[in-house]
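First the structure, in the form of structure tokens, and then the observations on it.
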Amino acid sequence: MSEKTIAEMKIAHRVVATHHYEPAPVEKGYANRTLHVNVGTREIKEKPVTNEMKEKFTGGRGFGLWLLWHAVKDTTRWNSDENEIVISPGPLSGITQYPGSGKSLVVAISPVTDQVIDSNVGGYFGPYLKFSGFDALEIQGKADQDVIIVIDGQTGLVTIETAPDEPADTHRLAEVLTHMYAVDEKDMRNVSVVSAGSGADHTLIGCLNFSLWDVRRKGVRVKQAGRGGIGSVLRNKHVKAVVVHAPQVRGDDNHPGDLQEIQATGRKLHREVFQNDSSMERMRMRGTPHLVEVMDAFDLLPVNNFQFGRHDDTKHIASDVWVKWFHQGIPDGCWYGCTLACAKTVEDFALSSGPYRGEAVRVDGPEYETVAGVGSNCGIFDARYILEVNFYCDTYGIDTISWGTLTAFAMECYERGIITKEHTGGLELTFGNIPAALELLHQAARGEGFGRIAGMGVHKMKEHFAAHYGADIAFLNDIGMENKGLEYSQYVSKESLAQQGGYALTNKGPQHDEAWLIFMDMVNKQIPSFEDKAEALYYFPLWRTWFGLNGLCKLPWNDVEPVDNKKKHPPKEAAKVPEHVDNYVRLFNSMTGRSITKEEVILQSKRAYDFQRIFNIRLGKGLRRFDAQPYRAAGPVSVEEYESRADRYDEQLRTEVGLTIDGMSTAEKVAALRKYREARYERLMDAVYERRGWTKNAVPRLETVQMLGIDYPEVVEVVQRHL
């Protein structure tokens, strides 16, 4: 990389707004102020973090929801000037003594759901933002040209600068800006960049890349806030990047109430990771792709747009394949001190297509969701293809989960004749067609051809196919794997009613980070009744929400366990990993100086969770009808799907439904099973809403809102309007 070129780029910048501030130490996990940047009006200002914000909304996702609520109107949409991107790390973010403590949460109104989306992300930006003096960053307005926001925590200066010459795509832009704003090579690790890319310019499923400087590899790596199109919001605001230049990280930067207790709790988990990981998930070697063969074995790996759950060719994309690709022997954590180190990378991968064809690049990943989404779900079992798409989605700023699911949907539509070559511009979008799938991605990034339509996401594709191609919207709704406008993540939920709820009864849409209950429900049969499922769908989404309030990764919670966890506790309790729950309570209390219990952890989450539901209702969403799921998430849509598991489904019709099926055609069986499963899902909705303290229309009851202490007049007004 030419330093002269970078210097020339920097000279071309024009500073259009500045804000000086006095850097101050973090106290008990909080910087006690937030930063608001309006790139349209060029206003930069600080806001105080009140005790009420801490007590009611904790941090992270909670702060994001609170700030966004006060920034927008009932009529705000994703591309409105007043829509915000809020990035907030949380009070536990930045701990260097406990694995998985470098997360931050991003909140905005989404272009695909038209409601609030939240997305968690690793990388260095969140902790660096806090250590530079701010518990949250609000980005509002719309610039008249491409700009970057620079937060220099070493000097106490925030600027908005024009950025006319920097490359758009992340793998180049993040490198350029890291070199541009670091004082010297040693200072590179103190710079983190948030960016999107050319794909976020032309699609609604843009992701944000959060960078970290890898001192061993001497280059940039990135982690993604992938869900809901927040990268598209960033580019719509004409923000090319956000840069934070932080002071050198020290182990006590959070100035916790009891550092020794945090260190002791961290040592305990580090020992578990070192001793147990190799006999459990082997995350340190395989990362999350260890799930590929597990999901295949239990008929849960999405194949051909979630029609099937396993495939004979899964071995070609299983974890043993990825172990050979991953660069081993170098720590792979996405924050200091994370010994679980699941953020795997592939070095010197030679690209075979697109604008960077022939370049040898670093690929950050793939994660399981990417392998399953762009791989098996599209009928493609080729590791090189998956790596190519993984790289391009990242650098273009496109969510790999949404991209995999929407590509699979388009492929099924093509194979069923719903769309043709005339519609796709000649692309043969059959399952397994690698050249066509790659070209579709590059078209989407350029905003051209059928890629422009695909880049709208599954929900808007369905509307387009029905309006312009005469497609049957009812059938498209059955096979289009989206809920609330968000594409499904990569688990087949047909045989787990609890997981169906864990996807579709969410606030943001079907994302596995809220409730992953397949094994408790389908495999281990631990939650058989509706009440059992409702209790699980109360506890686990709230427990997982808590990670997003505090800036934590959930993987150290249950991807490595004490060896005696399942022996010491009954099965349903063991699923909570009680010793690790105790760890997190200790961490929070030791950091903040408060004294909460594990029960109060759930109440902390419920405040934010129910507030988000009410926020969605305020925006015209959030009610029961928006929790409807595509039927493919619940059961077989087609004869082919039914017959792929005919013995299982026939037995269910006999024993669960009580039908005599002799003489029934497969189509009749499909219809009978559907009637049963749809009624069962409605009963689940009623049970879950009741357990959550909501009405049958999914509105938090007034007494629930009062109990949580979020009965602000404007919140109560929204609730009362819908009771």
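What follows draws every value from the coordinates through simple rules; no lab data is involved. All values reported here derive from a predicted model rather than from experimental measurement. As a convention, Cβ positions derive from the backbone with ideal geometry for all residues, glycine included, and neighbour counts pool all protein chains shown.
What number does segment 16-110 give for Rg over Rh if you use C-alpha atoms and the Kirkwood radius?
Working: Rg = 14.4 Å, Rh = 14.7 Å.
So for segment 16-110, dividing Rg by the Kirkwood Rh gives 0.99.
Go through 487-493, 448-454 and give me the packing order, highest mean Cβ count within 10 Å leading.
Numbers: 487-493: 28.0, 448-454: 19.3.
The most tightly packed comes first, giving 487-493, 448-454.
How far apart, in nm, are two points set 7 Å out from the Cα along the Cα-to-Cβ line at residue 600 and at residue 473?
The answer from the label model is 5.0 nm.
Is the shape of segment 445-580 best called rounded, prolate or oblate, per the rule: a/c under 1.5 gives rounded, else a/b larger than b/c gives prolate, else oblate, with a ≥ b ≥ c the square roots of the Cα gyration tensor eigenvalues? It would help to have the intermediate numbers written out before the result.
On the way: a/c = 3.17, a/b = 2.04, b/c = 1.56.
Prolate.
When all alpha-carbon pairs of segment 325-381 are counted, what percent fall beyond 13 Å? Please list the in-between numbers first.
Values: 1098 of 1596 pairs.
Everything past 13 Å amounts to 69 percent.
Which value in Å does the Kirkwood hydrodynamic radius of segment 235-320 take, with 1/r averaged over all unlike C-alpha pairs and then inverted?
Details: mean 1/r = 0.0568 Å⁻¹.
Computed over Cα pairs of segment 235-320, the Kirkwood hydrodynamic radius comes out at 17.6 Å.
What FRET efficiency comes out for the pair residue 558/residue 22, r = Cβ-Cβ distance, R0 = 56 Å, nearest 0.05?
Numbers: r = 42 Å, r/R0 = 0.74.
It comes out at approximately 0.85.
Ratio of Rg to Rh for segment 108-202, alpha carbon only, Kirkwood?
On the way: Rg = 14.4 Å, Rh = 15.0 Å.
Value, to two decimals: 0.96.
Residue 382 versus residue 324, label points 7 Å from Cα toward the beta carbon: distance in nm?
Inter-label distance under the simple model: 1.7 nm.
More than 29 Å apart: what percent of Cα pairs in segment 367-521 qualify? Display every interim value, and only then the final one.
Details: 1703 of 11935 pairs.
Result for the distance tail: 14 percent.
Based on the Cβ-Cβ distance of residue 42 and residue 278, what FRET efficiency does E = 1/(1 + (r/R0)^6) give at R0 = 35 Å, to the nearest 0.05? Don't skip to the end; give the middle numbers.
Working: r = 53 Å, r/R0 = 1.52.
The calculated FRET efficiency here is 0.05.
Please report Rg over Rh for segment 148-240, where both radii come from the alpha carbon positions and Rh follows the Kirkwood definition.
Details: Rg = 13.2 Å, Rh = 13.6 Å.
Expressed as Rg/Rh, it is 0.97.
Treat each spin label as a single point 7 Å out from the Cα along the C-beta direction, and report the residue 654 to residue 416 distance in nm.
Taking the simple label geometry, residue 654 and residue 416 are separated by 3.0 nm.
Where a ≥ b ≥ c are the square roots of the eigenvalues of the C-alpha gyration tensor, would you call segment 590-723 rounded, which needs a/c under 1.5, or, failing that, prolate if a/b is larger than b/c, or oblate?
On the way: a/c = 3.38, a/b = 2.32, b/c = 1.46.
In terms of gyration-tensor shape, prolate.
Using a cut-off of under 14 Å, list every residue of segment 313-337 whose amide N is near the label point 7 Å from the Cα of residue 216 along the Cα-to-beta-carbon line.
326-337
Decide, for segment 356-438, between rounded, prolate and oblate: order the square roots of the alpha carbon gyration tensor eigenvalues as a ≥ b ≥ c, take rounded if a/c falls under 1.5, and otherwise choose prolate if a/b is larger than b/c, else oblate. Mind dumping the intermediate values first?
Values: a/c = 2.14, a/b = 1.68, b/c = 1.28.
Taking the square roots of the gyration eigenvalues as a ≥ b ≥ c, segment 356-438 is prolate.
Could you list, in their original order, any pairs among 525/567; 223/533; 10/130; 240/460 whose Cα atoms are separated by more than 22 Å?
Working: 525/567 17 Å; 223/533 33 Å; 10/130 26 Å; 240/460 26 Å.
Violating the 22 Å Cα-Cα cut-off are 223/533; 10/130; 240/460.
How big is D for segment 265-374, in µm² s⁻¹ as a whole number, if Stokes-Einstein is applied with the Kirkwood radius of its Cα pairs at 10 °C and 1.306 mPa s?
103 µm²/s
Can you give the calculated 222 nm mean residue ellipticity of the chain, where each DSSP H run of n ≥ 4 adds -39,500 (n - 2.57) and the sum is split over every residue, rounded to the nearest 500 deg cm²/dmol? Walk me through the numbers on the way to the answer.
On the way: 30 runs with 302 residues, N = 723.
Rounded to the nearest 500, the figure is -12500 deg cm²/dmol.
Using only the alpha-carbon atoms of segment 497-721, report the extent along each of the three principal axes, biggest first, to the nearest angstrom.
Answer, in whole Å and largest first: 68, 51, 23 Å.
If I stretch the segment between residue 675 and residue 573 completely, what's the gain in nm (0.36 nm per residue apart, minus their alpha carbon distance), one decimal? Don't jump to the answer; show the numbers that get you there.
Details: separation 102, 0.36 × 102 = 36.72 nm, distance 3.36 nm.
Contour length minus the Cα-Cα distance gives 33.4 nm.
Which cross-chain or sequence-distant (5 or more) residues have an amide H under 5 Å from the amide H of residue 361, H modelled 1.01 Å from N in plane?
348, 349, 350, 351
Over segment 506-630, consider all pairs of different Cα atoms and compute the Kirkwood hydrodynamic radius from their mean reciprocal separation; express it in Å, one decimal. Intermediate values should be presented prior to the final figure.
Details: mean 1/r = 0.0627 Å⁻¹.
With all distinct Cα pairs of segment 506-630 included, I get 15.9 Å.
Figure the gain on full extension for residue 566 and residue 532 (residue separation times 0.36 nm, minus the Cα-Cα span) and round it to one decimal in nm. Numbers along the way, then the final one.
Details: separation 34, 0.36 × 34 = 12.24 nm, distance 1.92 nm.
Result: 10.3 nm gained on full extension.
Using the Cα atoms as the points, what is the convex hull volume per residue of the chain in Å³?
Working: hull volume 104.1 nm³, N = 723.
In the chain, the Cα convex hull volume per residue is 144 Å³.
When only C-alpha pairs under 8 Å and at least 6 residues apart count, what is the relative contact order of segment 497-721, in percent? Mind showing how you got there, number by number?
On the way: 218 pairs, mean separation 51.1, N = 225.
Normalised by residue count, the contact order of segment 497-721 is 23 percent.
Mind checking the full-extension length gain between residue 347 and residue 665? Use 0.36 nm per residue of separation minus the Cα-Cα distance, one decimal, nm.
Extending this stretch completely gives an extra 109.2 nm.
For segment 259-290 and segment 634-655, compute the distance between their C-alpha centroids and round to whole Å.
If we compute the Cα centre of each part, the gap is 41 Å.
For segment 486-542 and segment 173-193, compute the distance between their C-alpha centroids and round to whole Å.
41 Å
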